[in-house]
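Below is one structure, written out as structure tokens, with a few remarks after it.
The values are calculated or read from the model by the stated rules, or taken from the named source; none is laboratory data. In this text the structure is predicted, and so the values were computed from the model without any measurement. Glycine gets a Cβ as well: all are built from the backbone with ideal geometry, and neighbour counts include every protein chain shown. The accessibility values were calculated without ligands, DNA or RNA, using every heavy atom of the protein model including side chains. Shrake-Rupley method; radii C 1.70, N 1.55, O 1.52, S 1.80 Å.
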Amino acid sequence: MEAESSDLLSRAASAYRDVDADPSGFGPEAARLVVEARTAGHVEALVSALRAEAWAHRSQRSNTRAKALLDEAARLARKHDLPERLGDVLTTRAAVNLELGRERAAEHDLAAAAALVTGESARHRDLQLAILHHNIGRLTAAAGIYRALLTRPDVPLVVQGKAANNLAHIEAQQGSYRAALRSLDAAAAATTNPVMAAGVTLSRGWVTVQAGMLPEGLRLFDEAARLFQAAGLPLDELYTESADALGDLRLLPEASAAAVRAAAECESHGVPLMGADAQLRVARLARLSGDLQGSVAAAERAVCMFRQQRRPAWVARAVLVGIEVRVQADEVGAPDLRAARRAATTLDRLGARPEAVHAHLTAGRVAAALDRGRHARQSLSRAAGLAAAGTPVLVRLDGHVAAALCARLQGVDREVLRHCRAGLRDLFRYRAALPSMELRALASGHGAELGRLGLQISLQSGSPLRVLDWMERTRAAALSTVERPAADGLEEEFGALRAVHAELAEAVAGSTADPAGTVPALDRDSPAERPGTSLLSKQREIEARIRRATWVRGGAADTDSQPSSPAGVRAALAGRFLVEYGVLAGQLFAVVLAARRSRLVDLGAVAAVEAQAQSLMFALRRLTRPRRGAALAAARTSAEFGLGRLASLLLAPLHLDPDSSLVVVPARGLHRLPWAALHGGPVALAPSAAFWVRTSTATSDSGGPTVLVAGPDLSGAVREIEAVRLLYPNPVVLVPPQSTGSVVAKAIVGAALAHLACHGDLRADNPTFSALRMSDGPLTLHELDSRGAAPRRIVLASCESGAQVEYVGDEVVGFISALMARGTAGLVASTVVVSDAETVDLMCALHQALRAGATLADALYGARQTVDRDDPRAFVSWCAFNAYGAA
């Protein structure tokens, strides 16, 4: 019996270590040991087994159940005078109490345990005390204990690993990223089980993100997710920390979804400690996404939770979010200034350098809004000083903004511009290191305020060339970098995406129309019953995998950082006029660059142009649909009026010759206009003047083939390709069923000229999945970009192929920008829906002009003169197509 009793105690004592290493695997064994110890009446074994089972529940976020088991264990240990077992139980209960947000109870347990534990148990208690200090913001005290544990010879390996891992978080919070990564190396060396490996990988991802290496951080988060799932661990912590990375990359919908999911899981599991952290992320991301009401609500919840948990540093962070919302809404008052300065001082004192920079910047904004100049300059100067060196690029950008705002308050314009230029240079290097077109376009949003500040100063100077120079610093800057083509690893995903689209098409075709024959059942069913719902989910999953793969891929990239001087632009224009539009504070203006002079022209409120553009687009859509009599005439009248009104708002004030050749660089909101229909001469568009220059110096089209492609379900497309092929010797012709996505993508690589007549699908939610419909499904922008498919000249005779999605920071993403970034020198594309039957003659006339040596802009101009504008659909085609680039 004595031997059996000793064996039971030994197994119960070792159960905690086993559960700590593998809670999913050993949790059931701990529960069985509790039953066995109760049955045997072995109190000491029961105390140890209860502690082990409690830790298993805690690892699954069942902290309420864990605390109940630990309360029982503590009562038994006290009653039966088991001091060392009681000390272990109190240390463990302190961890559970902390996660439950009961910081005082955790502190009380650790104080009581200090007099009871020795040896390894004492080191576990020290670790838990450091974690307590860490979570309530006593970073110096926590770091001191962690470092002491790493230097003592009697510290168990598992404690060393956890101490090094947690120390890395403090070092990263204080901006010491190299030290943090060294600590994580030490943590990895001390890793003894899969649970620790998952935690260290997650920490390395978080530190890497804080250090500004965002794609590598995302890769580590993906690895951590696999490790967490393999270890059977909850994913709430992973969601919380990945929200930071996704937010810094300005992937705001994905970041918000991760934060909301983390908050929901923490709430459902009863883990208020991490739940408050998740709520803080929800608040920050809601503000960035424009949901000010949601941001305030989440921030207020976070403040309450942090105050209950006695975590002043976190209270400061959450308070700042609410203040930032009021700054954004222009509703700040004196209490906000006091609260912001107090929060900034708290974070500064704690050594949380990156967050202190942002807090001082916020305090400076509040003070400036309240005309408290001295306070504003103090806060802004402190923010700029803290961010000056040794901080990640996104923190430095906050510092540059602070310095520029401070210089503006002091009235020193040259200093404003100096700090803005420095910030945009930092952003250029950061953006160029990002591995995908999508991430680079989003990243430009980080420089939007610097761009506005610099533009404001440049406009005040009244110099057209200074304004043009500044606009070119931010206009389509993300397109100056392209990664080398790399479709490897994505071929199967592109094929799977086409396959699921084919299944969706079958589901739509097979759904029953309603009695009136107007609304397919696919659109009328509830989401749970709708045919194809599972296919849509599958499509989203495939698209998410493709995007994620491009976010984390490595490889070389090519960057063109050479700005174009006015003299260089004039030389490339070769007698044309450059008109580059800009918007600041709702006011539209244009810089006109001619051979010998330049002008800056004020064009009034941009809202008038935007309203008229919406009206015109609506009228053009109406003209593509079957209509008769008064309805058709009304749509035509509306369209004609819209064209005239837009021309009077955008071009008439420039006083240009009516038949002059123009190069137009649109401002935000103006990319989709039918520019060719607004002016009496040839018009070519470009994302920026620098891109126009680049296309004008592109190599000639000798050597590459001419590729002509017709997509499915368009009889006019096949007729168009058959007509155009007669104009070229030995073209490559691909028509259904040969015109599959992969075949077409490969065929146009290196082509001198490509013409694609097909359906086009614009994805405003994510333009990288905008697609040209091929015989087997979509040929997405993602696929074209990954394959490096960029013919020298390309005609996209498809609906809305010229429509581009605008991003904060003067960026656009669509077929036009992506192809030009890859090297395409000239394009023709439509910005609206067009009828395939009515474009055949237009396209034949265009290609005849190309064969005669015309540029695409001149060829389109000439081809449009042949259109019968009395025909409503032909009139839409006359309006729809724009030319891009110089070729």
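Summary table
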item: Region 327-347, residues that are assigned to a helix (DSSP H, G or I) and in contact (Cβ under 8 Å) with a residue 24 or more places away in the chain; result: VAL327, GLN328, ALA334, ASP336, LEU337, ALA340, ARG341, ARG342, ALA343, ALA344, THR346, LEU347
item: Listing of strands (runs of 3 or more DSSP E) fully contained in region 561-652 that carry 3 or more residues being surrounded by 14 or more Cβ atoms within 10 Å (Cβ to Cβ) and under 32 Å from the mean Cα position of the chain (by Cα); result: 577-584, 587-593
item: Options GLY823, GLY777, GLY741, GLY760; residue that is open to solvent by 20 Å² or more (accessible area, probe 1.4 Å) and in contact (Cβ under 8 Å) with a residue 60 or more places away in the chain; result: GLY823
item: Residue match in region 455-463 (condition: touching a strand residue (DSSP E or B) at 6+ places or on another chain (Cβ under 7 Å), over 22 Å from VAL743 (Cα atoms) and of a type in the set (Gly, Ala, Ser)); result: yes
item: Boolean, PRO234 is open to solvent by 10 Å² or more (accessible area, probe 1.4 Å) and not in a helix (DSSP H, G or I); result: yes
item: Among residues of region 348-374, those that are open to solvent by 40 Å² or more (accessible area, probe 1.4 Å), touching a Leu at 6+ places or on another chain (Cβ under 7 Å) and either outside any helix (DSSP H, G or I) or free of Cβ contacts under 8 Å to residues at least 12 places away in the same chain (or both), counted; result: 2
item: Boolean, VAL325 is modelled with pLDDT of 95 or more, surrounded by fewer than 21 Cβ atoms within 10 Å (Cβ to Cβ) and on the phi < 0 side of the Ramachandran plot; result: no
item: Unmet requirement for ASP81, which otherwise passes all of (1) in contact (Cβ under 8 Å) with a residue 60 or more places away in the chain; (2) on the phi > 0 side of the Ramachandran plot; result: (1)
item: Condition met for LEU405 (part of a loop (DSSP other than H, G, I, E, B) and touching a helix residue (DSSP H, G or I) at 6+ places or on another chain (Cβ under 7 Å)); result: no
item: Selection from region 383-394 of residues that are open to solvent by 20 Å² or more (accessible area, probe 1.4 Å), in contact (Cβ under 8 Å) with a residue 40 or more places away in the chain and in a helix (DSSP H, G or I); result: LEU394
item: Contacts under 9 angstrom Cβ, first residue in region 407-433 being farther than 15 Å from ARG473 by Cβ, partner outside any helix (DSSP H, G or I) and among the hydrophobic types (A, V, I, L, M, F, W, C), 6 or more apart; result: ALA433/MET213; ALA433/ALA557
item: Answer from TRP675, TRP692 - the residue that is under 30 Å from GLY575 (Cβ atoms), at pLDDT 95 or above and not charged (D, E, K, R); result: TRP675
item: Residue under evaluation HIS400, criteria (1) surrounded by 23 or more Cβ atoms within 10 Å (Cβ to Cβ); (2) within 22 Å of ALA339 (Cβ to Cβ), criterion not met; result: (2)
item: Some residue of region 858-870 being open to solvent by 10 Å² or more (accessible area, probe 1.4 Å), without any contact (Cβ under 8 Å) to a residue 12 or more places away in the chain, at positive phi and not basic (Lys, Arg); result: no
item: Number of positions in region 667-698 that are out of contact with any Pro (no Cβ under 8 Å at 6 or more places or on another chain), open to solvent by less than 10 Å² (accessible area, probe 1.4 Å) and part of a loop (DSSP other than H, G, I, E, B); result: 6
item: Per-region count, region 276-316, residues open to solvent by 50 Å² or more (accessible area, probe 1.4 Å) and part of a helix (DSSP H, G or I); result: 9
item: Residues (open to solvent by less than 40 Å² (accessible area, probe 1.4 Å), part of a helix (DSSP H, G or I) and not hydrophobic (A, V, I, L, M, F, W, C)) located in region 20-59; result: ASP20, PRO23, GLY27, SER48, ARG51, GLU53, SER59
item: Residue tally, condition modelled with pLDDT under 95, open to solvent by 20 Å² or more (accessible area, probe 1.4 Å) and either in contact with a Cys (Cβ under 9 Å, 6 or more places away or on another chain) or not in a loop (DSSP other than H, G, I, E, B) (or both), over region 161-178; result: 4
item: Tally of residues being assigned to a helix (DSSP H, G or I) and polar (S, T, N, Q) across region 832-850; result: 2
item: Scope region 150-160; condition crowded, with 21+ Cβ neighbours inside 10 Å and more than 21 Å from ARG85 (Cα to Cα); matching residues; result: GLN160
item: Every pair of residues 6+ apart whose Cβ atoms lie under 6 Å, when the first sits in region 589-613 and is more than 23 Å from ALA567 (Cβ to Cβ) while the second is open to solvent by 50 Å² or more (accessible area, probe 1.4 Å) and outside any strand (DSSP E or B); result: GLN612/ARG645
item: Among (1) touching a strand residue (DSSP E or B) at 6+ places or on another chain (Cβ under 7 Å); (2) in a helix (DSSP H, G or I), the one test that VAL664 misses; result: (2)
item: Top-ranked residue in region 192-219 [being open to solvent by 40 Å² or more (accessible area, probe 1.4 Å) and outside any helix (DSSP H, G or I); ranked as farthest from GLU171 (Cα to Cα)]; result: THR192
item: Strands (runs of 3 or more DSSP E) completely within region 758-831 that count 2 or more residues being under 19 Å from ALA667 (Cα atoms) and under 18 Å from the mean Cα position of the chain (by Cα); result: 805-807, 811-813
item: Qualifying residue in region 833-847 (condition: open to solvent by 10 Å² or more (accessible area, probe 1.4 Å), modelled with pLDDT under 95, farther than 23 Å from SER638 by Cα and of a type in the set (Val, Ile, Thr)); result: yes
item: Lone unmet requirement of (1) surrounded by fewer than 20 Cβ atoms within 10 Å (Cβ to Cβ); (2) closer than 30 Å to ARG310 by Cα; (3) touching a residue at least 24 places away in the same chain (Cβ under 8 Å) for ASP222; result: (2)
item: Qualifying residue in region 715-722 (condition: buried (at least 24 other Cβ atoms within 10 Å of the Cβ) and charged (D, E, K, R)); result: yes
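Yes or no, residue by residue, for (1) within 23 Å of VAL467 (Cβ to Cβ); (2) modelled with pLDDT under 95; (3) touching a Gly at 6+ places or on another chain (Cβ under 8 Å):
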{"site": "THR518", "(1), (2), (3)": "no, yes, no"}
{"site": "ASP523", "(1), (2), (3)": "no, yes, no"}
{"site": "ILE546", "(1), (2), (3)": "no, yes, no"}
{"site": "ALA549", "(1), (2), (3)": "no, yes, yes"}
{"site": "VAL569", "(1), (2), (3)": "yes, yes, no"}
{"site": "LEU593", "(1), (2), (3)": "yes, no, no"}
